[in-house]
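Report on the following structure.
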Amino acid sequence: CSEGEMVEALLLVISFSLFAVSIYYHAYTVAFGGFCLVSSLVLLLRVFSLHPPNLSRAQKVFERCLSDPVAHRGCVPENTLAGIRSAKERGLNVVEVDLEYTKDGQPVLLHDPSVDRTSNGAGKICDMTLKEVRELDFGSKFGPEFAGEKIPTLTETLDLCEELDMFLLLDVKSNRLKTTAILKALIRERNLYDRVLVISFYPEILHMVRLADPKILVGLCTHWWDFTWNVDGSKRHDEWYRQMM
């Protein structure tokens, strides 16, 4: 059984033990209160706990991610279909892209909150409709040969990755409710459980995705400075309280 199931079983044993002891000593109020408290904890664990993924499937997916070089944001131009094709031409089979949303709720590939850095436009992606942002050029800043490259939708990205037989790391940063609904529908409909790994720096997003569909594999991202131990096994901080954090 899983660790979560073991904790639930332990809490139930404690609950019934408290109930029995309290009844023996005629402490009925304590018995009822303790039983309700522990039972509530078990219920919360059941509602919010995550079922472990199929370990053999997860191992195969993570081995592929770790054994192959990853095209971060695709190759140039970043977060575009041309960039994904460029990665494939260079012999890469795993690509990482970033997900953002337009004003009308369409999922597109973009790393920054704004289009300023990667396009010939300006402004936040959340203030533009898909039609408006598709009028911008997301290729020229990376080279004249990419002039006219459009921002791709998530559906177009999945289509291309399937066509090129590429594994996709999908970095999600915002809009957890919409992200959960969209990823659940697309991954299930296309049966992409073994071809897509949802990654994020925000554990609450990954938690919601896994609750929506336990078959979806997720990965939590972090920065090196978040760790308290160095690669060689030494402590990162001298102060005990910082090390504990």
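None of the figures in this text is laboratory data; all of them are computed from the coordinates on show. Just so you know, these numbers come straight off a predicted model, no measurement behind them. Note: ideal-geometry Cβ built from the backbone for every residue, glycine included; neighbour counts use all protein chains shown.
General remarks:
- Theoretical gain in end-to-end length, residue 220 to residue 72 [0.36 nm per residue, Cα-Cα removed]: 51.7 nm
- With each label modelled as a point 7 angstrom along the Cα→C-beta vector, the residue 55-residue 194 pair spans 1.9 nm.
- Compactness relative to 2.2 N^0.38 Å, alpha carbon Rg of region 148-211: 1.13
- For region 64-146, Kirkwood radius (reciprocal of mean inverse C-alpha pair distance, Å): 13.3
- As a ratio to 2.2 N^0.38 Å, the alpha-carbon radius of gyration for region 109-152 is 1.03.
- Amide H partners (placed H, <5 Å) of residue 139, local residues excluded: 148, 149
- Partners of residue 60 within straight-line reach, counting lysines whose Cα lies under 22 Å from its Cα and excluding those fewer than 8 residues away in the same chain: 88, 184, 215.
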